[in-house]
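Notes for the one structure printed next.
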Ligand code: MG
Ligand code: MG
């Protein structure tokens, strides 16, 4: 069943997502060679709790951490661990909060070093594909229009692998609600979008094959060919004419901070 949100509920979802954007921005400043993803996870948990919210992922279907942190060939659902990050690592952070009973869910991919143009391009294209999907999240369109926009851009125009095994989703009081929002599909297909629908759009794009497998921890998803993967996610409310993105990387935007090592986050809303 699809649960359409009132304007008041959308504002509560926005609050949760804004806290999430602050959390991810806080982590962004810490990412550098030598720190561990477990350290980032603890930082996220402390930040979320100190703002009166709860981590949405911890305990969800048994997931043991606040963040999914997926490095290099890990696509999503990576476990934070004690391995020190190093130059050249690609780090996808996906996390969620519950505040006032409403869930925020967002992901961002960082690249330490920025030296490899092919990796830079994968991140740029994946992030752009998120916004191409968001452009289609308007009243009167269908889910398939979002899916098609992402697939067309990443797979057809750039030759990347679009992960099929996982999708975006509706979001609200629950982390995962109906409908599914695949990153592949046909224009004009699927559920017709109405005001009040809130969805998390989250392209998971691989540099090589679209095929993935589940690791020994039974959570982490890896690319079959061991190549890099990228993941960006925003929660958006469907509106007439233009989707309402419930999350912006406010802190970084407001302070106009330059973090050369993470060039990709400087202008996250473009
Ligand atoms: Mg999600
Ligand atoms: Mg997520």
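Every read-out reported here was derived from the displayed coordinates using simple, explicitly stated rules and does not represent laboratory data. If you're wondering where the values come from, they're calculated on a predicted model, not measured in any experiment. All Cβ positions, glycine included, derive from the backbone under ideal geometry; neighbour counts span all protein chains shown.
For the peptides 84-91, 209-216, what is the packing order when you average, over each peptide's residues, the other Cβ atoms within 10 Å and list the highest mean first?
Ranking the peptides 84-91, 209-216 by packing returns 84-91, 209-216.
Using the beta-carbon distance between residue 187 and residue 239 and R0 = 22 Å, what value does 1/(1 + (r/R0)^6) give for FRET efficiency, to the nearest 0.05?
With R0 = 22 Å, the Cβ-Cβ based efficiency is 0.65.
Taking R0 as 22 Å, what's the FRET efficiency between residue 152 and residue 225 from their Cβ-Cβ distance, rounded to 0.05?
Computed FRET efficiency for residue 152 and residue 225: 0.45.
What nm distance separates the two modelled labels at residue 7 and residue 176, each placed 7 Å from Cα along Cα→Cβ?
With each label point 7 Å from Cα toward Cβ, the separation is 3.3 nm.
Return a whole-number percent for the relative contact order of the range 94-249, with Cα pairs under 8 Å and 6 or more residues apart as the contact set.
Over the range 94-249, the number comes to 28 percent.
Can you tell me, using C-alpha contacts under 8 Å and at least 6 residues apart, the relative contact order of the range 60-174 as a whole percent?
That works out to 18 percent.
What's the Cα-based Rg to Rh of the range 64-135, Rh via Kirkwood?
Looking at the range 64-135, the ratio lands at 1.02.
Just the Cα atoms of the range 1-120: what Rg and Dmax do they give in Å?
In Å, with Rg to one decimal and Dmax whole: 15.1, 46.
Based solely on its DSSP helices, what 222 nm [θ] is calculated for the chain when runs of n ≥ 4 H residues each add -39,500 (n - 2.57) and the sum is averaged over all residues, nearest 500 deg cm²/dmol?
Using -39500 (n - 2.57) per qualifying helix, the result is -8500 deg cm²/dmol.
What ranking do 139, 75, 125 get, fewest neighbouring Cβ atoms within 10 angstrom at the top?
139, 125, 75
Just to verify a number: FRET efficiency for residue 82 and residue 49, C-beta to C-beta distance, R0 = 25 Å, to 0.05?
Efficiency, from the Cβ-Cβ distance: 0.70.
Tell me the label-point distance for the pair residue 194, residue 61, using the 7 Å Cα-to-Cβ offset, in nm and rounded to one decimal.
2.7 nm
In whole percent, what relative contact order does the chain give with Cα contacts below 8 Å and a gap of six or more residues?
About 23 percent, as a whole number.
Normalised radius of gyration for the chain, please: alpha carbon Rg relative to 2.2 N^0.38 Å, two decimal places.
The value comes to 0.92.
Once each part is reduced to its C-alpha centroid, what is the distance from the range 32-58 to the range 99-116 in angstrom?
12 Å
Neighbouring Cβ atoms within 10 Å as the yardstick, rank 227, 132 fewest first.
227, 132
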